[in-house]
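The values are calculated or read from the model by the stated rules, or taken from the named source; none is laboratory data. Bear in mind the structure is a predicted one, so any value in this text is a computation, not a measurement. No Cβ is skipped: glycine too gets one built from the backbone with ideal geometry, and neighbour counts run over all protein chains shown. Note: accessible area is taken over every heavy atom of the protein model, side chains too, but ligands, DNA and RNA are not part of it. Shrake-Rupley method; radii C 1.70, N 1.55, O 1.52, S 1.80 Å.
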Amino acid sequence: MASTKILVPDIGDFKDVEIIEVLVKNGQQIKKNDSLITLESDKSSVEVPSTHEGIVEKINLKVGDKVNQGDLILSLKSDRKQDEKKEVVSEDKKVEEKIELKKEEPIKQKEMITVAPSSISGTKSASPKVRKFARELGANVVEIPGTQRAGRVSEEDVKNFIRSQVTVNGGKIEKKIYKEEYSHEQFGEIELKDIPRVKKLSGPQLVRSWTEIPHVTQHEEIDITEMEQFRSSLYDYYSGEMIKVTPLAFISKALISALKEFPNFNASIDTNQNKIIYKKYFHLGFAVDTPHGLMVPKIRNVDQMSIKEIGEALKKTSKLCKELKIDKKEFFGGSMTISSLGGIGGTFFTPIINPPEVAILGVGKSFDKLVELKGKIVSRKILPISLSYDHRIIDGAEGARFCVYLSECLGKDFAFKLAV
Ligand code: CAO
């Protein structure tokens with residue numbers, strides 16, 4: 001057993017911050033990430049979690065004390081070897097560390113954050129009311145993914161987290177425990193790995209969407225023969241070089257046109273006020289496949305971009321995601337999302353709405369199809385799309401009209417419709 005000192009971490013520009021709560025006692029056994037103290041400035045409050053596990057030997061501070069970075073909070077009796085053993089890193093952990101690196105920055109400078117990070121140097125930002133609420137429900141605020149600015153946890157985040165952890169059975173709340181009748185080891189060799197951080201963060205959001213939003217998915221085959229001929233003939237007027245733009249840029253342009261025609265798709269539900277929020281801007285979200293997991297950043301003001309500019313913005317945004325350099329704010333506030341699997345393959349699927357948006361457009365890989373046209377059998381290029389929408393806001397007829405409109409925008413008259 002060794003004595004480990006736990007110090008106040010980097011708390012940004014904050015100086016002489018007051019301790020408003022001491023959350024542990026001498027002799028208490030604590031785990032890594034258990035909250036130790038709560039600090040409150042006039043701007044915000046943060047809980048400081050433990051960086052180690054062990055038994056509290058001596059608490060060095062009390063409520064009302066003012067602290068700065070590096071001040072001693074407490075000393076712990078901890079088993080160092082045990083701690084070191086736990087530090088054996090898996091591939092996942094390495095990805096996490098990349099994200100953690102960014103968390104080393106002070107709170108005030110934390111505008112550039114990767115996907116919904118949950119803590120900064122292990123601290124967690126939430127108001128005292130939210131922290132109290134989380135504690136009353138038996139949740140550790142450090143473990144809750146915060147969706148607010150700089151990863152701050154809101155009351156809604158606490159509720160979503162609790163919902164993902166428990167189930168209500170005949171009025172009784174029970175922790176969700178899924179027990180398989182037979183363990184997998186009984187059938188052969190297996191390997192146990194951590195769930196990647198990005199997937200851990202997006203999981204509760206997906207569950208929320210799938211369980212709370214009544215999804216309807218409409219599939220459509222769009223004839224994009226003329227659009228594809230045009231796309232493959234694009235070249236730079238000055239250099240004479242071919243311009244490489246993927247179908248997604250054209251689809252984005254068509255979607256913007258459809259959003260202008262059908263404002264219900266560029267909306268969100270404000271459940272607190274029981275109102276519909278209509279967005280007057282056109283920011284599109286894009287599902288991006290990265291080695292760290294799925295990310296859904298948005299590109300702003302797509303309505304003001306040319307096809308070529310959309311293509312460039314797509315490349316730039318997916319690169320930022322892959323390098324974990326995307327600004328966290330870009331994951332929020334979108335009009336509608338496109339999930340394109342066109343570069344990979346497959347036709348129709350059920351895209352899950354990215355709340356608080358109310359619709360998502362799934363795009364499959366285009367294929368050749370023999371169809372009858374003016375009495376002749378001809379080969380046409382078909383784009384499979386799948387539109388999922390929130391049936392509380394959009395009814396079936398409007399969903400169908402939206403698909404028909406998209407078909408027209410990408411069909412033989414695409415040049416007039418999209419004014420490319
Ligand atoms: N039909 C046929 N070909 C298509 C196509 C379609 N619908 N969409 C793209 N392609 C082609 C492109 O033209 C490109 O061809 P070339 O290599 O000949 O230039 C190739 O497929 C690769 O395109 P891409 O996928 O790199 O580019 P994109 O603009 O279509 O998509 C991005 C960009 C970031 C959306 C994509 O890279 C990606 O991450 N897709 C996965 C999204 C995802 O995981 N969705 C599921 C979410 S739910 O779990």
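Where in segment 285-306 does the amide nitrogen come within less than 17 Å of the point 7 Å from the Cα of K244, taken along Cα to Cβ?
Answer for this model: none.
In whole Hz, what ³J(HN,Hα) sequence does segment 221-234 give by Karplus (6.51, -1.76, 1.60; θ = phi - 60°), x for Gly and Pro?
Values per residue, Gly and Pro as x: 9, 10, 7, 10, 3, 5, 4, 5, 4, 5, 4, 7, 9, 5 Hz.
Could you order M305, M1, M295 by accessible surface area, starting with the largest, using a probe radius of 1.4 Å?
Ranked from most to least accessible, the order is M1, M305, M295.
How big is the accessible area of T271 in square angstrom, nearest 10, if you roll a 1.4 angstrom probe over the protein chains?
Solvent-accessible area, nearest 10 Å²: 100 Å².
Heavy atoms of the protein only, probe of 1.4 Å, neighbouring chains included. What is the accessible area of Y182 in Å², nearest 10?
Using a 1.4 Å probe on the heavy atoms, I get roughly 130 Å².
Assuming R0 = 22 Å, what is the FRET efficiency of E398 and E212, from their Cβ-Cβ distance, to the nearest 0.05?
Using R0 = 22 Å, I get an efficiency of 0.60.
Using just the Cα positions, wrap segment 199-417 in a convex hull and report its mean projected area in square nanometres, one decimal place.
13.6
If I take R0 = 41 Å and measure r between the Cβ atoms of D270 and K62 in this structure, what FRET efficiency does the formula 1/(1 + (r/R0)^6) give, to the nearest 0.05?
For R0 = 41 Å, the calculated efficiency reads 0.45.
So, for segment 1-81, what is the accessible surface per residue at a probe of 1.4 Å, expressed in square angstrom?
Here the per-residue accessible area is 53 Å².
Could you calculate the FRET efficiency of E136 with E309 from 1/(1 + (r/R0)^6), where r is the beta carbon distance between them and R0 is 60 Å, rounded to 0.05?
Calculated value: 0.75.
Give me the base-10 log of I(q)/I(0) for segment 1-81 at each q in 0.13, 0.26 Å⁻¹, Debye formula, one uniform scatterer per Cα, rounded to two decimals.
Once normalised to I(0) and log-transformed, intensities are -0.36, -1.28.
Out of segment 1-60, which trypsin sites (Lys or Arg not before Pro) are coil in DSSP terms and have no more than 14 other C-beta atoms within 10 Å? Mind showing how you got there, number by number?
Numbers: sites: K5, K15, K25, K31, K32, K43, K58; in loops: K15, K25, K31, K32, K43.
Loop-located and lightly packed - K15, K25, K31, K43.
In whole Å, what is the distance between the alpha-carbon centres of segment 350-386 and segment 173-233?
So the separation of the two Cα centres works out to 21 Å.
Write out the GluC sites (Glu not before Pro) in segment 246-333 meeting two conditions: DSSP loop, and at most 12 other Cβ atoms within 10 Å of their Cβ.
Answer in residue order: E323.
Could you calculate the contour length gain from K322 to F349, that is, 0.36 nm times the residue separation minus the distance between their Cα atoms, to one decimal place in nm?
7.3 nm is the gain from fully extending K322 to F349.
Report the accessible area of F286, computed with a 1.4 Å probe over the heavy atoms of all protein chains in place, in Å² rounded to the nearest 10.
Around 10 Å² of this residue is reachable by solvent.
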